[in-house]
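The values are calculated or read from the model by the stated rules, or taken from the named source; none is laboratory data. All of these numbers come straight from a predicted model, not from anything done at the bench. Cβ sites come from the backbone with ideal geometry, for glycine too, and all protein chains shown count toward neighbours.
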């Protein structure tokens, strides 16, 4: 599967991997070493046409150490998480090599990994998910592993929890699992993108502001100090996971949207209930909430056109269906048309919905002030193998 | 007790009543008609030297209807809540008149109630608590009722829930009660102000911004839609009430402060978990949180100098002890010395703590931008009878 260049005896393989944005949020680990979560989560994989990490993994007897660069910057790979991924992948390759002695001994060679994101790192998108998914997928390709995406998701999870959900396309759940060794804590496909291809997303990227607390540190503070968190993890999320899977199977946008908004707010509520409190949403985020509510208030049947969700930062991700593109993205284009991001093929097609919505003047001004760019995307597929190598 | 003027046959009585700011928050009713809460709450009564409602109640055979003015503006008193208070007080007076026929039949006369607040209504302070406490106390004085503050608290509660806690001084709890008729849902004194007189408060009044949702509407939306609220009401608050009463009995500021901050955050977390979400804290409020955290980080023993708490609005109330006045209020004076409020006798005495705290530049700028005035006050006593009549 991997290409080999006899000239310099380098073997290489490349992949693209997608970003995912959860609608039932991962927050809290029951095992920090293995990245085992306190509750299940569910995400939409976003299209790699718009957001992706491109990674090439190569190995050679001539390499003298493992190394990783991201956007041309050398990265530290000595951390336990990266090391866990490399160790597990090498071990699988070593098993292959044991069973078939004709295979080249790639497991004993050093690895060179080169990654590039096609989106600004400063955008505060969950780049570690796409990053670790791409790293694991690229090395699995390099090593010609027959592991399934679910098998690989167990490995990627150890690099960054939410990375396990970026190994598949469409609508992806990460089950909590019960085992202490993490063997049953993996991602699975709820439905492929083709089941419900009309899902669209607009990401409102908030102007760079120092993040309150890293999600790695923040989630464990929440586990340790919030009086509400255990109730969320044990009672609230399990019911919502079932309801969200059903909404996806039924292509029920109303249920999907209401659950998404509730779960985002519930997650941020446990952040606020942390001691000291963690604030990821700011006044710009709140303005985005109000704008989505105003858009939904236009629905003739009292249903929803759009659903907001916020990760561990102020950016709003707004999900909607293709049929409502002008009603949702069109309102934001009318408001934020001057910002970066509308010149993409998707952006150009969106019709501006003219005229501010009643009662949203304050929220509109806040958004103009606080949003620096928009990204338009949709549900997409899982990692794509490519022959386009970065080194 | 009430003064009577034979010339025009008017009987009158006046009182001052205090504001209270809860440290264990009231949010949610189990009975909206009787204002019966879903959980107990606990507050500090603030000094009437700084914040108070002054109310005169008068009655006369010549009056042709009940009326109420607040700050010279006529108020609607036809609402069920005001009517419930008037009805209960009249009924108690009628009982007195039945048992002693020599008493003037004040219960059959119309009431004229005149109220004035000595603080700006726009400040968004909980003026309804002081207002209903003053109304009930003034009429009880007028009627020469022998009812205890606890008895009166049951009546004031029906006007505005938190008003029941303004009928006493010092540290006051409002017990939830179990009875359907509300007979056991009243306020009681945890400790008088004299038990722990060193408690101080600085109120950081945020620039006027339209309130998100009224607390009356907001709390019932939370009860109806939050997945976390019942857990707060049933599990979290009962434990905190006990711990807070102990902290007050022990004059343990550390415990008082930590519980206050946790409970404020917990309450706002349930607001955020409401559908649609309710946001009372804004970026200015968050900056106040960060500033209090920075002040506390200076404590040589890792304890706390100050505790923030937020009601249903963006204003921060920061509690601290007299001995730490310069460390807490002094920091805010250094930062916000240009704002209204420092020219009071309390304010003039505060020494500016020079130099911004490390890492608080952003929070400091946000506060300068978002805070319009400060109010300096302390724990205080309960309603004070006065011969100073407003009409």
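Okay, here's what the table says:
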item: Qualifying positions in region A:95-113 - part of a loop (DSSP other than H, G, I, E, B) and surrounded by 14 or more Cβ atoms within 10 Å (Cβ to Cβ); result: A:103, A:104, A:109
item: Unmet requirement for residue B:161, which otherwise passes all of (1) closer than 23 Å to residue B:200 by Cα; (2) buried (at least 24 other Cβ atoms within 10 Å of the Cβ); (3) touching a strand residue (DSSP E or B) at 6+ places or on another chain (Cβ under 7 Å); result: (1)
item: Qualifying position, being outside any strand (DSSP E or B), under 15 Å from the mean Cα position of the chain (by Cα) and touching a residue at least 24 places away in the same chain (Cβ under 8 Å), among B:134, B:138; result: B:134
item: Whichever residue in region B:271-285 is in a loop (DSSP other than H, G, I, E, B) and more than 7 Å from every other protein chain (Cβ to nearest Cβ) and, among such residues, is nearest to residue B:366 (Cα to Cα); result: B:281
item: Test for residue A:335: is it part of a helix (DSSP H, G or I) and within 14 Å of another protein chain (Cβ to nearest Cβ); result: no
item: Of all residues making up region B:339-391, the number that are assigned to a loop (DSSP other than H, G, I, E, B) and within 14 Å of chain A (Cβ to nearest Cβ); result: 2
item: Test result for residue B:337, under 13 Å from residue B:373 (Cα atoms) and either out of contact with any strand residue (DSSP E or B) (no Cβ under 9 Å at 6 or more places or on another chain) or outside the structural domain of residue B:266 (by the TED database) (or both); result: yes
item: Which numbered condition residue A:300 misses (of (1) over 15 Å from residue B:274 (Cα atoms); (2) touching a helix residue (DSSP H, G or I) at 6+ places or on another chain (Cβ under 9 Å)); result: (2)
item: Any chance residue A:304 is within 12 Å of chain B (Cβ to nearest Cβ), surrounded by 17 or more Cβ atoms within 10 Å (Cβ to Cβ) and over 22 Å from the mean Cα position of the chain (by Cα); result: yes
item: Residue pairs meeting the criteria (Cβ under 8 Å; at least 6 apart or on separate chains; first on the phi > 0 side of the Ramachandran plot, in region B:239-262; second assigned to a helix (DSSP H, G or I) and at pLDDT 95 or above); result: B:251/B:195
item: Matching residues, region B:216-270, being closer than 16 Å to residue B:28 by Cα, within 20 Å of the chain's Cα centre (by Cα) and within 8 Å of chain A (Cβ to nearest Cβ); result: B:265, B:266, B:268
item: Test: residue in region A:247-260 that is closer than 18 Å to residue A:312 by Cβ and in a helix (DSSP H, G or I); result: yes
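Conditions tested, residue by residue: (1) assigned by the TED database to the domain that holds residue B:264; (2) farther than 23 Å from residue B:18 by Cβ; (3) crowded, with 19+ Cβ neighbours inside 10 Å.
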site	(1), (2), (3)
B:317	yes, no, yes
B:327	yes, yes, no
B:333	yes, yes, yes
B:341	yes, no, yes
B:345	yes, no, no
B:350	yes, no, yes
B:366	yes, yes, yes
B:369	yes, yes, no
B:374	yes, no, yes
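Residues checked against (1) within 17 Å of the chain's Cα centre (by Cα); (2) crowded, with 21+ Cβ neighbours inside 10 Å; (3) free of Cβ contacts under 8 Å to residues at least 24 places away in the same chain; (4) more than 20 Å from residue A:8 (Cα to Cα):
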position	(1), (2), (3), (4)
A:25	yes, yes, no, yes
A:31	no, no, no, yes
A:41	yes, yes, no, yes
A:64	no, no, no, no
